[in-house]
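Engineer: Take a look at this one; I'll ask things after.
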Amino acid sequence: MDEGTASHCRSALQGYVHWDGHAVRITFDVPAPLAAQPPAALADRARLLLVIDEVRGGTLTRAAAARALGMSLDAFLIEAGKHGLYAIDYDLDDFRRELDRIEPKRS
């Protein structure tokens, strides 16, 4: 991230952005109703939700997301499932079509 991007991020987020070559550290204000929560818990939750959003958007695979968070794939899938991101991303109609292809037709 170049200095211009970091400057833009500071003004856009009303916070602070630091890039160390491996990760971006973002500091921002937390709304008062959430401020009583432990900072580490808020940071963990923010990281998890950001990564889940990136998986939904197609930027990260589930395996890459788990690695980014330092979690096993199983642990990530369990946590992500609690937020509506499931291990298998199948639409019900797609799932039925797949089943029809592999199951013999029944009379």
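Engineer: Being assigned to a loop (DSSP other than H, G, I, E, B) and in contact (Cβ under 8 Å) with a residue 12 or more places away in the chain, is that true of even one residue in the range 46-54?
Structural biologist: no
Engineer: Out of all the residues in the range 85-92, is one or more at pLDDT below 95, in contact with a strand residue (DSSP E or B) (Cβ under 7 Å, 6 or more places away or on another chain), part of a helix (DSSP H, G or I) and among the aliphatic types (A, V, I, L, M)?
Structural biologist: No, there is no match, as no residue in the range 85-92 is at pLDDT below 95, in contact with a strand residue (DSSP E or B) (Cβ under 7 Å, 6 or more places away or on another chain), part of a helix (DSSP H, G or I) and among the aliphatic types (A, V, I, L, M).
Engineer: Criterion first (surrounded by 12 or more Cβ atoms within 10 Å (Cβ to Cβ), over 18 Å from residue 45 (Cα atoms), outside the structural domain of residue 23 (by TED's automatic domain parsing) and more than 12 Å from the chain's Cα centre (by Cα)) does residue 75 satisfy it?
Structural biologist: No: the conditions fail for residue 75.
Engineer: Do we have residue 60 as within 10 Å of the chain's Cα centre (by Cα), of a type in the set (A, V, I, L, M), part of a loop (DSSP other than H, G, I, E, B) and outside the structural domain of residue 22 (by TED's automatic domain parsing) here?
Structural biologist: It is true that residue 60 is within 10 Å of the chain's Cα centre (by Cα), of a type in the set (A, V, I, L, M), part of a loop (DSSP other than H, G, I, E, B) and outside the structural domain of residue 22 (by TED's automatic domain parsing).
Engineer: Restricting to the range 20-39, and then to whatever is free of Cβ contacts under 8 Å to residues at least 12 places away in the same chain and among the charged types (D, E, K, R), can you tell me which residue is surrounded by the fewest Cβ atoms within 10 Å (Cβ to Cβ)?
Structural biologist: Restricting to residues being free of Cβ contacts under 8 Å to residues at least 12 places away in the same chain and among the charged types (D, E, K, R), the top hit is 20.
The values are calculated or read from the model by the stated rules, or taken from the named source; none is laboratory data. Every value quoted in this text rests on a predicted model; they were computed, and no experiment measured them. Every residue, glycine as well, gets a Cβ built from its backbone with ideal geometry; the counts of neighbours run over all protein chains shown.
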